[in-house]
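**Q** Submitted below is the structure of interest, expressed as structure tokens.
The values are calculated or read from the model by the stated rules, or taken from the named source; none is laboratory data. Source: prediction; values computed, not measured. Every residue, glycine among them, receives a Cβ derived from its backbone with ideal geometry; neighbour counts consider all protein chains shown.
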């Protein structure tokens, strides 16, 4: 007999060594998109933490200075694969930059504030069988 093992709203992952992980910022680790629950500095050796990816939740995430998406816009990762570590504050790009049929990872629900944060929904972006 089967059983429910998780509500599917979060997953555990190990952040790469040397990376600073900020609480509630957006990351892509092992092909999964999620916001960090907790923080890690670059020197911590225990790199495992939870990442939340509740599709119904609205998250506020940091984006690069050059990103100014409008409400309803989709955001994409600069590299569309399941192995590259990426962070929302440096690796998110606008819809116009999306290439090779990649899927969006974030949909904007509120424009960027003065502190450089946007609001929106985390989406899972799959990689096709060719790795692009």
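**Q** Does the range 46-66 hold any residues that are in contact with a helix residue (DSSP H, G or I) (Cβ under 9 Å, 6 or more places away or on another chain) and not in a strand (DSSP E or B), and which are they? Step through it out loud before you land on a result.
**A** Pass one, the range 46-66, residues in contact with a helix residue (DSSP H, G or I) (Cβ under 9 Å, 6 or more places away or on another chain): 61-64.
Result: 63, 64.
**Q** Among the candidates 53, 95, 99, single out the residue that is surrounded by fewer than 17 Cβ atoms within 10 Å (Cβ to Cβ) and either modelled with pLDDT of 95 or more or in contact with a strand residue (DSSP E or B) (Cβ under 7 Å, 6 or more places away or on another chain) (or both). Spell out how you get there, then give the answer.
**A** Details: 53 fails: surrounded by fewer than 17 Cβ atoms within 10 Å (Cβ to Cβ); 99 fails: either modelled with pLDDT of 95 or more or in contact with a strand residue (DSSP E or B) (Cβ under 7 Å, 6 or more places away or on another chain) (or both).
None of the others qualify; the one that does is 95.
**Q** Condition check: within 21 Å of residue 125 (Cα to Cα) and at pLDDT 95 or above. Does residue 76 satisfy that?
**A** When the stated conditions are applied, residue 76 does not pass them.
**Q** What are the pairs with Cβ atoms under 7 angstrom where one residue, in the range 1-23, is on the phi > 0 side of the Ramachandran plot and loosely packed, with under 15 Cβ neighbours inside 10 Å and the other, located anywhere, is assigned to a loop (DSSP other than H, G, I, E, B) and modelled with pLDDT under 95? Sequence gap at least six, or different chains.
**A** As it stands, the answer is 18/42, since those pairs meet every condition given.
**Q** Is it the case, given these coordinates, that residue 43 is out of contact with any helix residue (DSSP H, G or I) (no Cβ under 7 Å at 6 or more places or on another chain), part of a loop (DSSP other than H, G, I, E, B) and loosely packed, with under 12 Cβ neighbours inside 10 Å?
**A** It is true that residue 43 is out of contact with any helix residue (DSSP H, G or I) (no Cβ under 7 Å at 6 or more places or on another chain), part of a loop (DSSP other than H, G, I, E, B) and loosely packed, with under 12 Cβ neighbours inside 10 Å.
**Q** Answer yes or no as to whether residue 132 is over 16 Å from residue 25 (Cβ atoms), touching a helix residue (DSSP H, G or I) at 6+ places or on another chain (Cβ under 8 Å) and either buried (at least 19 other Cβ atoms within 10 Å of the Cβ) or modelled with pLDDT under 90 (or both). I'd like the intermediate steps shown before the answer.
**A** On the way: over 16 Å from residue 25 (Cβ atoms): yes; touching a helix residue (DSSP H, G or I) at 6+ places or on another chain (Cβ under 8 Å): no; either buried (at least 19 other Cβ atoms within 10 Å of the Cβ) or modelled with pLDDT under 90 (or both): yes.
No; evaluated as a whole, the condition is false for this residue.
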